[in-house]
Amino acid sequence: MSDTPQAILLMGPTASGKTGLALEMARHFPLEIVSVDSALVYRGMDIGSAKPSAAEMAACPHHLIDIISPLQSYSAAQFHADANRLIAEITTRGNIPLLVGGTMLYYKALLEGLSDLPQADPALRAELDADAARLGWPALHARLARLDPTTAARLNPNDAQRIHRALEVCLLSGRPMSELLAQGKEAGASFRRLSLALVPQERGWLHQRIGQRFEIMLEQGFLDEVSHLRAAYPELTLDLPSMRCVGYRQAWEHQDGLYDRQEFIERGTAATRQLAKRQLTWTRSLDVIPVNAQQDGLAGQLVRAVEDFLTGKPPAEALRFAGKF
């Protein structure tokens, strides 16, 4: 067992309390946190992504935060490689990797290996359908040409079905579909792990936390942050993966006058709730221990679960959330 790397995974929907619990766990064990969040990789996107503060990051080593500019992209394949490298490096230092975040595609890639193409995402499909209705399929073909010129070159600008799927693959994976089709499947996890997933006992509890956090982001200057990004990166567009992060597109469109502040808040909150719903759907497909995010004394229970894991004991059955989510 000592020769096999081991890691702790703490996943869950947005606003479920992952950051605070991870830092509490780091007070008890020699942990290094590896972010599993497709928004935290971007420099300058701090408020809207609920990035840990400087003080929080100083309390424990953090990885995969602020590693690229908003003009760049970061894929599940890159995460797969980076996370496996970090797990090995952290283990070599005598510490324990704690992977924390809510980008479920990254977890799936790490645990199961990368499928050739990601599965369909109903919410993204609906968004692309709405864009097509507003802009037309030739405009979406032009968008695809920027993301995956090889695939776009072989498609008719009005081939709605194939353009739709190619865009979906690009946006879900962060890589051109032509590139994914040309490669084989990466290996799945090769480390011993404790996989914990925070789930709300009541959906309303999570929705309330999402609304409160969105208001706090606005008070902290979220709209100013988006204005600064647009000024600092003139090449930034809504087609780039960074601006598809929840809240940023809505802030951009609000600044462009497409709707007023109240509608922006409603749209941003609704988009965050939809994200949380998708995260919970992904969670059900993974081999994890669901944990009630609302239970009293949760931090202490997680600490005990880690202690059991590190000593080779099975997790306490009482830890597992028995309800539906």
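Values quoted throughout were computed directly from the atomic coordinates according to the rules given, and no laboratory measurement underlies them. This one's a predicted model, so the numbers in the text were calculated from it and none came from an experiment. Ideal geometry is used to build each Cβ from the backbone, glycine not excepted, and the neighbour counts take in all protein chains shown.
Observations on the model:
- Förster-model FRET efficiency, 56 Å R0, T92 and A142, C-beta, rounded to 0.05: 0.75
- Top of Q78, Q294, Q262 by mean-square fluctuation, Gaussian network on the chain, Cα under 10 Å: Q262
- Sequence-separation-based contact order of segment 122-181, relative, with Cα cut under 8 Å and 6+ spacing, percent: 30 percent
- Debye log10 I(q)/I(0) at q = 0.13, 0.15, 0.24 Å⁻¹ for segment 122-181, Cα point scatterers: -0.27, -0.36, -0.93
- Each label was represented as a point 7 Å from its Cα along the Cα-to-Cβ direction; for R162 and L310 these points are 5.5 nm apart.
- Simple label model, 7 Å out from Cα along Cβ direction - Q295 to Q212, nm: 2.1 nm
- Computed over the chain: relative contact order in percent, which uses C-alpha pairs under 8 Å that are six or more apart: 26 percent
- Cα gyration tensor, segment 171-325 - rounded (a/c under 1.5), prolate or oblate: oblate
- Over the chain, the ratio between the Cα radius of gyration and 2.2 N^0.38 Å evaluates to 1.01.
- Within the shell of other residues whose beta carbon sits under 12 angstrom from the beta carbon of H28, the net charge comes to 0, with Lys and Arg scored +1 and Asp and Glu -1.
- Summed side-chain charge close to H254 - residues other than H254 whose Cβ falls under 14 Å, Lys, Arg +1, Asp, Glu -1: -3
- Peptides 80-93, 160-173 ordered by average Cβ neighbours within 10 Å, highest first: 160-173, 80-93
- Label-point separation, W205 to Y259 (7 Å along Cα→Cβ), nm: 2.9 nm
- Two-decimal ratio, segment 1-150, of alpha-carbon radius of gyration to 2.2 N^0.38 Å: 1.21
- Cut-off 19 Å (backbone N to label point 7 Å along Cα→Cβ of Q220), residues of segment 47-83: 47-68, 70
- Just checking the listed ones, A109, A276, A139: in the Gaussian network model of the chain with Cα springs under 10 Å, the one fluctuating most is A139.
- Modelled FRET efficiency - R0 25 Å, A55 with A231, Cβ distances, 0.05 increments: 0.35
- Highest mobility in the GNM of the chain, judged by mean-square fluctuation with C-alpha springs under 10 Å and restricted to A271, A39, A123, is found for A123.
- For segment 1-83, the calculated P(r) over all alpha carbon pairs, in 10 Å bins from 0 to the bin holding the longest distance, is 15, 48, 31, 5, 0 percent.
- Cross-link partners of K313 among lysines, defined as those whose alpha carbon lies under 29 angstrom from its own and excluding same-chain residues fewer than eight positions apart: K18, K108, K324.
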